[in-house]
1. Residue by residue through the stretch 31-67, note down the ones that are loosely packed, with under 10 Cβ neighbours inside 10 Å and either part of a helix (DSSP H, G or I) or of a type in the set (Phe, Trp, Tyr) (or both).
2. Looking only at the stretch 1-18, count every residue that is surrounded by 10 or more Cβ atoms within 10 Å (Cβ to Cβ) and either at pLDDT 85 or above or assigned to a helix (DSSP H, G or I) (or both) and tell me the total.
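The values are calculated or read from the model by the stated rules, or taken from the named source; none is laboratory data. No experiment lies behind these values; they were computed from the predicted model shown. Glycine gets a Cβ as well: all are built from the backbone with ideal geometry, and neighbour counts include every protein chain shown.
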Amino acid sequence: MRKFLTDVKTFAEDESGVVSFEYVIVAACIVGAVGLAFGLGGTGAISTALTDAISTIAGKVATAVGT
């Protein structure tokens with residue numbers, strides 16, 4: 001446990017570690033934003049808009065082809 005705490009302290013004091021930690025925070029924020037946008041189970045605003053757009057396009061293609 002003592003070695004773990006020493007390693008964490010060293011990581012926190014290391015400037016390159018801080019930059020790495022900032023990248024982790026940014027990545028977590030991006031994942032959260034994408035998760036909110038698409039929603040769980042495909043119920044988010046972007047997911048719904050994409051589904052509607054694809055359905056509309058598929059309907060217009062089917063009408064144009066005559067099926």
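1. THR63, ALA64, VAL65
2. From the stretch 1-18, those surrounded by 10 or more Cβ atoms within 10 Å (Cβ to Cβ) are 6-12, 14, 17-18; that's our starting set.
Narrowing the set further to residues that are either at pLDDT 85 or above or assigned to a helix (DSSP H, G or I) (or both) leaves 6-12, 17-18.
Within the stretch 1-18, residues that are surrounded by 10 or more Cβ atoms within 10 Å (Cβ to Cβ) and either at pLDDT 85 or above or assigned to a helix (DSSP H, G or I) (or both) number 9.
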